[in-house]
Amino acid sequence: MSEQIGPRIELGGGWDGAESLPCWSIGPRSALKLYMPSDALQLDASLELVFRIERSVYVPPSGRRRDVAYFINNVPVRSEVVFCDDASIVELTVPANALSLEYVLIHMMPSPAPAPAEAGQSQDARKLGVHVTGVSVATRPRDLSQKQTFIEEGRAVASHFWPVEMRTNAWCNVDALTDFICTQIEHRTPSSIIRLGDGEGRILVHSDYLEPSELLREVVNYQLGPDCLDITAQTYGLSEPGEAFDKVTNDLRALLRSAVRTADAVGLPTPSHFAGDASTPDMLNGQVGFASAVIHGFALARHLPQDRFFDTFAFHGVSATGGFERILRDRPYVGIVSHTDIGFALKDVFNVAETGFFQVPPHYSFPVVGRRTSHYPEAFANLVDTIQPPFPGALFLVGAGYLGKAYCNIIKARGGIALDVGSVMDAWSGLGRPDVDADLRLAPFVKC
């Protein structure tokens, strides 16, 4: 372990009146606020921060045990069962690059217990929790072996499942995908065609392979924004540490699983997605996401035949090969679920008669001006109430990130046909993700 870091410690609410350690926490929750010198930290994804808390836990003789949950910046990091009140050290670890380090807030939440007076031990009427005598912080190299093993498992599943030709040409079945979509449109068959990439894989992955703090940084904050948890807590009246994080991540996971189980075709990572660079922990997490998407995607979509699976980015292949000319040409209506209304371009290029626009907030990483509306839960709840196909078999193009899969599921349930085209619409307009192919611009956007 590297040289230890000496934080400045402040006691938050829930302590027994003292201004410094050692001190007893009182009641069901208490907080430590740690300020660490910025020049003492290496915020490298290859390192982890280790918080060592010297403490004992009050365990009444009648209870025989006490459960204690630990949260860092309102994200769960550890829980333990304590059977005696002997002093010991508990270690809490988080990736060094996963925190905003103006300060670190550590909550310790023991399960309820009677006071010593109530337990007949003494006259002490305090509701004792954790007695903390010291806190230290250090960095050490992260053990990434579990992640690497999981990636190899995902790589093996992908290699076993996909036909040989998909290993060298991930878009070799885009014509078949276009044929399937056109058949669904012709028969006005309600359908949901979705994709899972590394982001969705991160949501579905087990915490053994992606820590909650990484999920917060790489999924929630990255796409929904750092205010998502605060808005969720306000909306649902959540006040305890970790409740808003659990609410958001559990809801996203449930919506994704439901969308895959009811989908009519699913895009998943093909072997080419495992050929990328995984030399850094951040890149490694992308590979973990792809592995999770493959493993969980195939398991959840086992109702589909093999020819209903295609590459995660196959809609870019459909666009590049002219497939959308067949899908969109002369349609009476196309709904657009996205951050930008491209209806005028669809009318101009594909002679679509009418379009409907259902706006979602842009990806948090997109530059925008003015107040941001949280996609979840604010905008999502509103859109679920308003999105409605105008007739059976009405076509929708959806580009709405993780929640786009849920919109596709809703559109199908209401009689429409939903295509989770994702960043294809950004490529057509040049608005949104900066890494899309400029060669795919639709004519009205070429000079923009």
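Here are the numbers for the structure shown:
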| item | result |
| --- | --- |
| Selected residue (criterion: farthest from Pro444 (Cα to Cα)) from residues of the stretch 362-390 that are at pLDDT 90 or above and buried (at least 16 other Cβ atoms within 10 Å of the Cβ) | Pro377 |
| Residue in the stretch 142-150 that is in a helix (DSSP H, G or I), open to solvent by less than 50 Å² (accessible area, probe 1.4 Å), touching a residue at least 60 places away in the same chain (Cβ under 8 Å) and touching a helix residue (DSSP H, G or I) at 6+ places or on another chain (Cβ under 9 Å) present | yes |
| Residue match in the stretch 380-388 (condition: more than 24 Å from the chain's Cα centre (by Cα), in a loop (DSSP other than H, G, I, E, B) and on the phi > 0 side of the Ramachandran plot) | no |
| Members of the stretch 178-200 found to be assigned to a helix (DSSP H, G or I), farther than 30 Å from Met283 by Cα and in contact with a helix residue (DSSP H, G or I) (Cβ under 6 Å, 6 or more places away or on another chain), listed by number | Thr178, Ile181, Cys182 |
| Filter pass, Asp251 being open to solvent by 60 Å² or more (accessible area, probe 1.4 Å) and assigned to a helix (DSSP H, G or I) | no |
| Scope the stretch 230-254; condition farther than 24 Å from Val68 by Cα and in contact (Cβ under 8 Å) with a residue 24 or more places away in the chain; matching residues | Ile231, Thr232, Thr235, Tyr236, Asp251, Leu252, Arg253 |
| Cβ-Cβ under 7 Å pairs, at least 6 apart or on other chains, the stretch 184-213 side under 21 Å from Tyr407 (Cα atoms), far side surrounded by fewer than 20 Cβ atoms within 10 Å (Cβ to Cβ) and small (Gly, Ala, Ser) | Ile185/Gly393; Arg188/Gly393; Thr189/Gly393; Pro190/Gly415 |
| Subset of the stretch 273-290 [over 19 Å from Arg217 (Cβ atoms) and either among the aromatic types (Phe, Trp, Tyr) or buried (at least 18 other Cβ atoms within 10 Å of the Cβ) (or both)] | His273, Phe274 |
| Condition check for Ala259: assigned to a helix (DSSP H, G or I) and buried (at least 22 other Cβ atoms within 10 Å of the Cβ) | yes |
| Total residues in the stretch 220-231, condition buried (at least 24 other Cβ atoms within 10 Å of the Cβ) and closer than 19 Å to Pro95 by Cα | 1 |
| Residue that is open to solvent by less than 20 Å² (accessible area, probe 1.4 Å) and not aromatic (Phe, Trp, Tyr), where the choices are Val135, Val164, Val174 | Val174 |
| Answer from Asp341, Asp330, Asp311, Asp246 - the residue that is open to solvent by less than 10 Å² (accessible area, probe 1.4 Å) and of a type in the set (D, E, K, R) | Asp311 |
| Hits in the stretch 100-117 (condition: surrounded by 13 or more Cβ atoms within 10 Å (Cβ to Cβ) and free of Cβ contacts under 8 Å to residues at least 24 places away in the same chain) | Ala115 |
| Residue list for the stretch 155-177, restricted to those being in a helix (DSSP H, G or I) and more than 15 Å from Thr321 (Cβ to Cβ) | Arg155, Ala156, Val157, Ala158, Ser159, His160, Phe161, Val164, Glu165, Met166, Arg167 |
| Residue check for Val59: over 30 Å from Gly286 (Cα atoms), of a type in the set (A, V, I, L, M), touching a residue at least 40 places away in the same chain (Cβ under 8 Å) and in contact with a strand residue (DSSP E or B) (Cβ under 8 Å, 6 or more places away or on another chain) | yes |
| Criterion violated by Ser319 - all others in (1) at pLDDT 95 or above; (2) surrounded by 20 or more Cβ atoms within 10 Å (Cβ to Cβ); (3) not β-branched (Val, Ile, Thr) satisfied | (1) |
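To keep it simple, each residue is scored yes or no on (1) in contact with an Asp or Glu (Cβ under 8 Å, 6 or more places away or on another chain); (2) at pLDDT 95 or above.
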| position | (1), (2) |
| --- | --- |
| Leu252 | no, yes |
| Ala259 | no, yes |
| Ala263 | no, yes |
| Pro281 | no, no |
| Asn285 | yes, no |
| Ile327 | no, yes |
| Tyr333 | yes, yes |
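The values are calculated or read from the model by the stated rules, or taken from the named source; none is laboratory data. Keep in mind it's a predicted model, so treat the numbers as computed, not measured. All Cβ positions, even for glycine, are placed from backbone atoms using ideal geometry, and neighbour counts span all protein chains on display. To get the accessible areas, we keep the full protein, side chains included, count just its heavy atoms, and leave off ligands, DNA and RNA. Shrake-Rupley method; radii C 1.70, N 1.55, O 1.52, S 1.80 Å.
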